[in-house]
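Only one structure is covered here, and it is reproduced in the block below.
The values are calculated or read from the model by the stated rules, or taken from the named source; none is laboratory data. As the structure is a computational prediction, the values presented were derived from the model and not from experiment. Heads up, the Cβs are rebuilt from the backbone with ideal geometry, glycines too, and the neighbour counts pull from every protein chain shown. Please note that ligands, DNA and RNA were not included when accessible areas were found on the heavy atoms of the full protein model with its side chains. Shrake-Rupley method; radii C 1.70, N 1.55, O 1.52, S 1.80 Å.
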Amino acid sequence: MTTQLTLIQIDNYGPWTVTPEPRREMDLQTMQSRLFADIAQFIGSRGGYVFFSRFDNMIAVTNGIGRAGHTALQETVRNRYPVTVSLGIGTAETPAVALDEATEKIQAAGSAQDEGRTEVLAGTPLENDESTIHIAHFDVNDATGKYTDQLNEFDSFIHIERSYASLMEYMREAHGALSFFVGGDNIITVCPELSPEAYQDAIDHVESDAGVALKVGVGRGVSAHDAGFAAKHALEDCRFDGTTVEFDHPQAAAGDD
């Protein structure tokens with residue numbers, strides 16, 4: 001299995017936000033949100049996933065999207081926004097290694113605040129690749145009953161964010177997996193191939209570390225959409241059966257972590 005990740009970085013964004021004078025914060029938030037929505041629609045329509053990260057940087061799973069698709073994304077942003085984006089493409093069996101590669105490609109072309117670095121497209125996409133990628137969809141057990149219907153929204157948010165931080169760090173350090181909060185009480189993780197025991201260990205760690213109980217559905221596919229949709233169905237099996245770890249395929253197919 002090989003994961004293709006694309007780092008999307010707004011060019012010269014920091015200086016732009018204060019030139020010729022500081023711009024209104026809500027105007028910046030609005031633009032960032034719209035830009036993410038447009039990129040999500042573009043990547044999603046091609047079977048990929050994109051996560052907002054820090055908004056001026058976004059991380060996309062782009063298996064199946066070639067160089068022409070990446071060029072079209074840059075053109076779309078240029079035509080619709082007062083900013084441009086640079087793209088770094090990395091491929092590896094481990095998502096974290098793929099992101100390292102993608103990051104190095106962009107950084108080698110210049111600083112994020114270098115006004116001379118514009119619309120870099122660096123890295124080589126996979127060609128005609130049918131590698132299987134793995135997506136895990138984590139969910140907080142009874143978040144509505146425990147938090148939403150019991151606590152004020154900010155305190156509920158604190159509990160969810162603690163679980164996210166704990167899971168994010170654990171999966172990154174233990175397995176080179178990348179986890180992203182996607183709203184509500186949901187976390188999506190881009191993973192190498194892991195065993196059921198590895199996922200249970202992650203759940204146990206979060207419950208011990210953050211006091212939040214999780215469950216997870218794991219899916220695989222040739223695109224992020226295929227793998228993610230399979231993970232959603234596996235997560236529904238968790239809810240129906242009262243289990244904590246379910247795969248969309250026989251668990252014996254999962255290799256050792």
Exercise for the section: Go through segment 204-225 residue by residue and tally those that are in contact (Cβ under 8 Å) with a residue 60 or more places away in the chain and either surrounded by fewer than 19 Cβ atoms within 10 Å (Cβ to Cβ) or within 30 Å of Ile158 (Cβ to Cβ) (or both). Expected result: 10
Fill in the blank from the handout: Filtering segment 227-249 down to residues that are part of a helix (DSSP H, G or I) and either over 14 Å from Ile188 (Cα atoms) or without any contact (Cβ under 8 Å) to a residue 12 or more places away in the chain (or both) yields Phe229, Glu236, Asp237, Cys238, Arg239, Phe240, Asp241
Fill in the blank from the handout: Residue pairs qualifying under the 6 Å Cβ cut-off, at least six apart or on distinct chains, with the first in segment 29-56 being within 17 Å of Gly183 (Cα to Cα) and the second being open to solvent by 60 Å² or more (accessible area, probe 1.4 Å), are Phe36/Phe52
Handout entry: Residue that is part of a helix (DSSP H, G or I), within 30 Å of Phe240 (Cα to Cα), of a type in the set (Val, Ile, Thr) and open to solvent by 10 Å² or more (accessible area, probe 1.4 Å), where the choices are Thr103, Thr144
Key = Thr144
Problem - Members of segment 147-181 that are of a type in the set (A, V, I, L, M, F, W, C), outside any helix (DSSP H, G or I) and surrounded by 15 or more Cβ atoms within 10 Å (Cβ to Cβ) - result: Ala177, Leu178, Phe180, Phe181
Problem - Unmet criterion (only one of (1) surrounded by 15 or more Cβ atoms within 10 Å (Cβ to Cβ); (2) part of a helix (DSSP H, G or I); (3) without any contact (Cβ under 8 Å) to a residue 24 or more places away in the chain; (4) not charged (D, E, K, R)) for Ala109 - result: (2)
